[in-house]
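The values are calculated or read from the model by the stated rules, or taken from the named source; none is laboratory data. Nothing here was measured: the structure is a model prediction, and the numbers come from that model. Neighbour counts are summed over all protein chains in view; Cβ atoms, including those assigned to glycine, are modelled from backbone coordinates with ideal geometry. SASA here: full protein model, heavy atoms, side chains in, ligands and nucleic acids out. Shrake-Rupley method; radii C 1.70, N 1.55, O 1.52, S 1.80 Å.
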Amino acid sequence: MRRLPDIPEREFAQFYLAQEHSGSNVYFAAAEQRTLDHSRVFFRAGAALIVLAGISGASFYGAAFRGFFGAAHAVMLDAGAYERVIAAQDALLAFDAERALFEMHEAYESFETMRSAAQPSFLARLPLPLFGDGETVFDDTVRSFVDTGRALVESVDPFRSLAQAKVFTDEDGEDQTAAGTIFSNYAVRVRDGGAAVEKLRTELETTVASDVTVSSEMRDQVAAFLPRLSRAREQIEELTRRAELFAWVLGVDQPRKFLIVVQDSTRPRPTGGTITAYGVVTAEHGMITDIMFDDVYNLDGQLRLNVVPPAPLKKVTTAWSMHDANWFPDFPLSAQKIAMLYEAASGTRAEGVVAVSEKLFADLFSHTGISTTAHGITVNAESFSALLHGTAVERAAAIGAMPDVLRGLFAKDATRDMFAALGDAAHEKHIMAWVRDAAWEDEIVARGWDGALPQAAGADFSAFAVSDTGGGNVHAARMPVTARIAKQLDIGEDGTVMATLVVELASREAMPRMAYVRAYAPRGSVLLESSGSDGGSVSDPIDYAAARFVVDDDVAAGERNSSFDEKSGVTVFEESGKAVFGSFVTLTSGRTTRLIYLYAVPVRAASEGADKTLPSVFYAQPSLGAELTFAATPPVGATLVASGESGFSGEYRGALTRNLSFTIRYR
């Protein structure tokens, strides 16, 4: 047999896909038949694995196989076969589909060889330390071990069909399988693999318990192996759920619409920026049936529901509309308001909302290589942002190119750089998601794609929401707001915690701009002193009751418990389970605006052996890119100890572009 290491990986991958395209059994096809190149499967397999492996980079595949077999090499007939499976899964996690196909084929061949050779007469001659001297009592279990590995290899077989899968209904090929159907099939196959793992676990336990001839060494090694097998079973459940999630998104069971909002980061808002454009993706029967994008102000012009806006927005608008809907830093809460106002304007219910920063969209133009021309205007990675802030015609050209970018995600060969960029974007909340379905929302939350404010129970907590409320030309490009944040925690001898928070904001725009700043702290925090706010309470611009405006429950809940301090000009209220200090400020070119808050924190350090520990969590506002300085002082006579969890030794200086957690430890 010709060994695959003699064949270049790309050459083999092209041959592999050619056989799939022709309906051949790719595992046993003759290598001399290599002809076709369907490279788009590399991208589609990678794109699918964003969902399965997670933008967050969780290594379920690789971890699962290491968990199965990392401690059981003595049981394996061919450790190299499992190493190839691991290598294939690692390659898929790195979006290197060529390498993955290559390694998976090698693993399959090895398992086939072992399977045919796993006969008692042959096994008795194998040097297997766990079986003692020539014992064959475990022959059936060895065969199960081999069959389990083979089943796990075959569980990813549906991915081969992604080469010809239909992601969009208008693609050529009536006989092609819908991508969502492929993921449904994958969920079934990987669940079968999980059943095989469970069967193997039961066999190992039963044999060790019932057979007195099993050596003590073997018993010890099996005992060490079984917990890993159980963990692997749990990971298979995770993989199944992710495949089912992707099938659900693609509308396998019923049609679904998802709303995409594009945020302008030059006008800061709590979830990343003012909403400047929106899109609707429709999926049905496992495929995307339609993608449309439009200017958000065209939608707002159709709004027939009058909703009272949050108080700070009353300075610039009478009614709440979709471009202002992302008012809450807790993205699931903002997403619900976006979906509500979209439905009120369009009459259509969205199953979920995805927020994307303007920066990420520009990056996607770059990674997909999309370049379009409309009305003589070329839209590409270099021109996209400027056009989005340009004339009506330029904005229309930029927004009109957005569907091409989403299509490009599935039409272009995958690159590791692009998926690395998407992973970073998720961590820095340049992309966030929310869905109505509670079960699938739990999946999104578990993977950190939701952009929610952390609960941080028993911990100090800080979040900052800077909102541009300056009005003016809503389309014009603005200079970014720069932010520097400094926080000092002082722990008293009695365990009380005092916080000093300094927020510095600057803008290089010639014209002054108004902003509203919210500082979030643990519920029950008490503001003692503050300075830097412009002050001024907000009054209603109209009689909302007489005009029959609708009052939003979440907005009303925060305002009912609010109090305005005349001396400091700060409004204190509760929102999303946190204490909030709200301040209006005016940003002027050449001058730094500084807000200072001194407040008592209602948390105490916990005892941990001889040490005391106090966790502190920082939530990063998407796209703001703040610089953070954080310091902590222990009680008099106590000494800070470097924390093993976070490495915090008393001071941190760095970027606050993603959520950060520290543990203050002292003794």
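Answer yes or no as to whether residue 289 is assigned to a strand (DSSP E or B) and more than 25 Å from residue 332 (Cα to Cα).
Values: assigned to a strand (DSSP E or B): yes; more than 25 Å from residue 332 (Cα to Cα): yes.
So residue 289 fits the description; yes.
Number of residues in the stretch 478-518 that are among the hydrophobic types (A, V, I, L, M, F, W, C) and under 22 Å from residue 662 (Cα atoms) equals 11. Where strands (runs of 3 or more DSSP E) fall entirely within the stretch 571-646, those with at least 1 residues that are crowded, with 22+ Cβ neighbours inside 10 Å are at 578-587, 593-601, 611-619, 626-633. Per the conditions (1) touching an Asp or Glu at 6+ places or on another chain (Cβ under 6 Å); (2) at pLDDT below 90; (3) over 30 Å from residue 594 (Cβ atoms), the sole criterion not satisfied by residue 436 is (2). Could you tell me whether the stretch 225-238 includes any residue that is small (Gly, Ala, Ser), free of Cβ contacts under 8 Å to residues at least 40 places away in the same chain and either open to solvent by 30 Å² or more (accessible area, probe 1.4 Å) or under 20 Å from residue 444 (Cβ atoms) (or both)? Among the residues of the stretch 225-238, at least one is small (Gly, Ala, Ser), free of Cβ contacts under 8 Å to residues at least 40 places away in the same chain and either open to solvent by 30 Å² or more (accessible area, probe 1.4 Å) or under 20 Å from residue 444 (Cβ atoms) (or both), which makes the answer yes.
Which members of the stretch 424-472 meet the condition of being under 21 Å from residue 340 (Cβ atoms) and basic (Lys, Arg)? Within the stretch 424-472, 436 is the sole residue that qualifies. For residue 566, the criteria (1) over 24 Å from residue 265 (Cβ atoms); (2) open to solvent by 40 Å² or more (accessible area, probe 1.4 Å); (3) modelled with pLDDT of 90 or more hold in every case but one, which is (3).
Can you say whether residue 390 is assigned to a loop (DSSP other than H, G, I, E, B) and either at pLDDT 95 or above or not basic (Lys, Arg) (or both), as far as the supplied structure shows? Yes. Counting only residues that are outside any loop (DSSP other than H, G, I, E, B), open to solvent by 10 Å² or more (accessible area, probe 1.4 Å) and over 14 Å from residue 350 (Cα atoms), the stretch 249-275 holds 1 of them. From the list 300, 294, the lone residue that is touching a residue at least 60 places away in the same chain (Cβ under 8 Å), of a type in the set (D, E, K, R) and farther than 29 Å from residue 618 by Cα is 294.
Residues that are loosely packed, with under 14 Cβ neighbours inside 10 Å and not polar (S, T, N, Q): list the strands (runs of 3 or more DSSP E) wholly contained in the stretch 475-555 that include at least 2 such residues.
Details: elements: 482-491, 497-506, 513-522, 526-531.
Those strands (runs of 3 or more DSSP E) span 526-531.
A single entry from 282, 266 fulfils the requirement of being under 26 Å from residue 404 (Cβ atoms), touching a residue at least 40 places away in the same chain (Cβ under 8 Å) and among the hydroxyl-bearing types (Ser, Thr, Tyr): 266.
Test of understanding: among 504, 529, which residue is among the charged types (D, E, K, R), closer than 25 Å to residue 315 by Cβ and touching a residue at least 60 places away in the same chain (Cβ under 8 Å)? Give the derivation first.
Numbers: 529 fails: closer than 25 Å to residue 315 by Cβ.
Of the residues listed, the single one that is among the charged types (D, E, K, R), closer than 25 Å to residue 315 by Cβ and touching a residue at least 60 places away in the same chain (Cβ under 8 Å) is 504.
The helices (runs of 4 or more DSSP H) found entirely in the stretch 115-213 that carry 2 or more residues being farther than 22 Å from residue 103 by Cα, modelled with pLDDT of 75 or more and open to solvent by 20 Å² or more (accessible area, probe 1.4 Å) are 179-210. For the stretch 407-430, the condition holds for at least one residue, the condition being that it is at pLDDT 90 or above and not charged (D, E, K, R). Close Cβ contacts (under 6 Å, 6 or more residues apart or on different chains) running from residues in the stretch 444-458 that are within 14 Å of residue 432 (Cβ to Cβ) and open to solvent by less than 40 Å² (accessible area, probe 1.4 Å) to residues that are in a loop (DSSP other than H, G, I, E, B) and among the charged types (D, E, K, R) comprise 444/450; 451/429; 452/330; 453/330.
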